[in-house]
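The values are calculated or read from the model by the stated rules, or taken from the named source; none is laboratory data. The structure presented is a predicted model; accordingly, all values stated were derived computationally and were not measured. Cβ sites come from the backbone with ideal geometry, for glycine too, and all protein chains shown count toward neighbours. Accessible surface areas use protein heavy atoms only, side chains included; no ligands, DNA or RNA. Shrake-Rupley method; radii C 1.70, N 1.55, O 1.52, S 1.80 Å.
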Amino acid sequence: MQDRKVTGYMAGSAEYIQILARRASIVFAVFIGVNAWVLSGPVWKWTASLAVAYAIYNIALSRRQILPGVAELLLNIAACAGLTCLHAEYSSILYQLLLLRVALRAGRNRTGRVAVIISAVYLVSAVTSANVINTTVVMQWVYSLLGFTLLTYAVIYINTLAAQQANDSQQMLELIKQNDRNYRMALTDALTGLYNHRAYKEKIENLSQYVLLVIDIDHFKKLNDTYGHLVGDKVLITIGNILKISVRSGDLAFRYGGEEFVVVLPGTTAQIGLKIAERLRQKVAEWTFEHGVPVTVSVGATIRKPGINSQTAFEQADSALYRAKQTGRNNVQFYAAAKPAADLSVKYGM
Ligand code: GH3
Ligand code: MG
Ligand code: MG
């Protein structure tokens with residue numbers, strides 16, 4: 001299974017402990033095999049072979065970086081039971097390490113079941129293969145079972161901590177996402193989806209040079225009075241969309257307030273800014289609005305250069321807008337003092 005295969009473990013994580021426990025059990029299996037050989041009991045060859053098989057199987061799992069699972073539990077527990085039946089010394093440590101890695105993988109709810117299975121297999125194989133049953137032997141079983149119990153609690157504790165940690169991280173992630181959503185909402189105009197006035201104030205802080213266009217719908221009050229406020233809202237939405245599709249990435253479009261929009265064109269010359277303003281004006285004038293409502297806009301433009309503060313730049317564009325309104329509306333005016341040398345004698349609008 002794909003999700004059981006991992007390529008890197010975070011030190012201190014449950015996965016890392018599982019891998020360490022597997023490596024430790026390989027070492028102990030080898031130790032049990034060597035011990036059987038040194039003691040040379042009647043079945044030492046069987047014991048050593050089984051211990052080596054145990055080690056090889058687990059080395060193979062380690063090399064393929066597979067996380068502990070059911071197959072590992074069943075095969076290893078069978079080997080453990082075999083070692084117990086062969087009276088291998090210290091075989092209970094292999095049960096402990098198996099319990100640790102499999103139960104950590106099984107999660108909090110299944111830890112108890114894994115512990116019961118491992119304890120039961122240990123007890124049954126120990127009792128059925130015991131030559132004599134005396135106090136020492138029974139105490140050894142009790143001692144091992146106590147070890148299993150303590151280990152089970154430790155695993156449950158570790159798993160609880162891990163679950164808590166995962167939950168905390170999830171909540172943290174949710175909070176960050178929510179925060180991000182709130183932030184975006186606070187900067188977005190609900191009607192048009194453009195940036196709002198607050199966003200304008202914020203974005204402008206990081207810019208020192210740009211062309212500023214202030215766009216105002218002509219006779220919008222009359223439009224509202226004639227067609228109704230809802231139609232007026234639709235016109236605002238459509239103009240918002242026109243601005244969105246017309247500006248390049250890197251340019252910024254805002255609904256500054258009411259029926260007034262602002263476009264910020266960073267890294268743009270006055271001439272190009274004027275062309276863009278004219279294109280926008282024309283697009284609105286030629287757009288077919290719902291109910292055939294005739295809509296035009298007037299545009300005031302200026303260029304903000306380093307040394308000019310944003311408030312002054314806005315006032316310049318606003319005064320150019322005022323001039324556009326004075327000169328018949330549906331036209332673009334550039335702020336006079338910032339008028340570029342060439343090209344501005346062009347008449348805009350009607
Ligand atoms: P001018 O050509 O000089 O700009 O005239 P105008 O009528 O567009 O300007 P004025 O400032 O007199 O009126 C602006 C109108 O915009 C008044 C207000 O009711 C309307 N308005 C502001 N916000 C909204 C809105 O969100 N929805 C609608 N439908 N109308 C709005
Ligand atoms: Mg207006
Ligand atoms: Mg206005």
Residue check, I204 against (1) under 22 Å from I308 (Cβ atoms); (2) within 15 Å of ligand 3 (Cβ to nearest atom), all met but one. Which one? (2)
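Against the definition (out of contact with any Phe, Trp or Tyr (no Cβ under 8 Å at 6 or more places or on another chain), without any contact (Cβ under 8 Å) to a residue 40 or more places away in the chain, within 16 Å of ligand 2 (Cβ to nearest atom) and not in a strand (DSSP E or B)), how does K221 come out, yes or no?
Details: out of contact with any Phe, Trp or Tyr (no Cβ under 8 Å at 6 or more places or on another chain): yes; without any contact (Cβ under 8 Å) to a residue 40 or more places away in the chain: yes; within 16 Å of ligand 2 (Cβ to nearest atom): yes; not in a strand (DSSP E or B): yes.
It is true that K221 is out of contact with any Phe, Trp or Tyr (no Cβ under 8 Å at 6 or more places or on another chain), without any contact (Cβ under 8 Å) to a residue 40 or more places away in the chain, within 16 Å of ligand 2 (Cβ to nearest atom) and not in a strand (DSSP E or B).
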Here is a list of conditions, (1) surrounded by fewer than 14 Cβ atoms within 10 Å (Cβ to Cβ); (2) away from ligand 2 (no atom under 15 Å from the Cβ); (3) among the polar types (S, T, N, Q); (4) over 23 Å from Q316 (Cβ atoms), and N206 meets all of them except one; can you say which number that is? (4)
For residues that are open to solvent by less than 10 Å² (accessible area, probe 1.4 Å) and assigned to a helix (DSSP H, G or I), scanning just the stretch 67-90, find the one that is nearest to P42 (Cα to Cα). L83
Any chance Y57 is of a type in the set (S, T, Y) and at positive phi: no
The lone exception for L150 - which of (1) over 25 Å from G112 (Cβ atoms); (2) free of Cβ contacts under 8 Å to residues at least 12 places away in the same chain it fails: (1)
Which of (1) open to solvent by 40 Å² or more (accessible area, probe 1.4 Å); (2) in contact with a Gly (Cβ under 9 Å, 6 or more places away or on another chain) is the odd one out, the single condition I133 does not satisfy? (2)
Scan G232, G250, G240, G257 and give me the residue that is more than 15 Å from T296 (Cα to Cα), within 16 Å of ligand 1 (Cβ to nearest atom) and open to solvent by less than 60 Å² (accessible area, probe 1.4 Å). G257
Please go through (1) away from ligand 2 (no atom under 16 Å from the Cβ); (2) surrounded by fewer than 22 Cβ atoms within 10 Å (Cβ to Cβ) for I303 and return the number of the only condition it doesn't satisfy. (2)
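Tell me the residue from R255, R279 that is touching an Asp or Glu at 6+ places or on another chain (Cβ under 8 Å) and either within 15 Å of ligand 3 (Cβ to nearest atom) or not in a strand (DSSP E or B) (or both), please.
Numbers: R279 fails: touching an Asp or Glu at 6+ places or on another chain (Cβ under 8 Å).
None of the others qualify; the one that does is R255.
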Residue by residue through the stretch 211-232, note down the ones that are farther than 17 Å from L243 by Cα and more than 14 Å from ligand 3 (Cβ to nearest atom). D225, T226, Y227, G228, H229, L230, V231
Any chance I215 is of a type outside the set (D, E), assigned by TED's automatic domain parsing to the domain that holds V263 and open to solvent by less than 40 Å² (accessible area, probe 1.4 Å): yes
With respect to F261, is the statement that it is free of Cβ contacts under 8 Å to residues at least 60 places away in the same chain, in the same structural domain as Q311 (by TED's automatic domain parsing), closer than 17 Å to R329 by Cβ and within 16 Å of ligand 2 (Cβ to nearest atom) true? no
With open to solvent by 50 Å² or more (accessible area, probe 1.4 Å), under 40 Å from the mean Cα position of the chain (by Cα) and at pLDDT 95 or above as the only criterion, which of Q282, Q326, Q311 stands out? Q311
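Restricting the search to the stretch 224-246, which residues are out of contact with any Phe, Trp or Tyr (no Cβ under 9 Å at 6 or more places or on another chain) and part of a helix (DSSP H, G or I)? Outline the logic, then answer.
The first filter runs over the stretch 224-246 and keeps only residues out of contact with any Phe, Trp or Tyr (no Cβ under 9 Å at 6 or more places or on another chain), leaving 224-230, 233, 237, 241, 244-246.
Listed by number, the residues that qualify are N224, D225, T226, Y227, H229, L230, D233, I237, N241, K244, I245, S246.
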Please give the number of the condition G193 fails out of (1) of a type outside the set (A, V, I, L, M); (2) farther than 17 Å from V299 by Cβ; (3) open to solvent by 60 Å² or more (accessible area, probe 1.4 Å); (4) within 15 Å of ligand 1 (Cβ to nearest atom). (3)
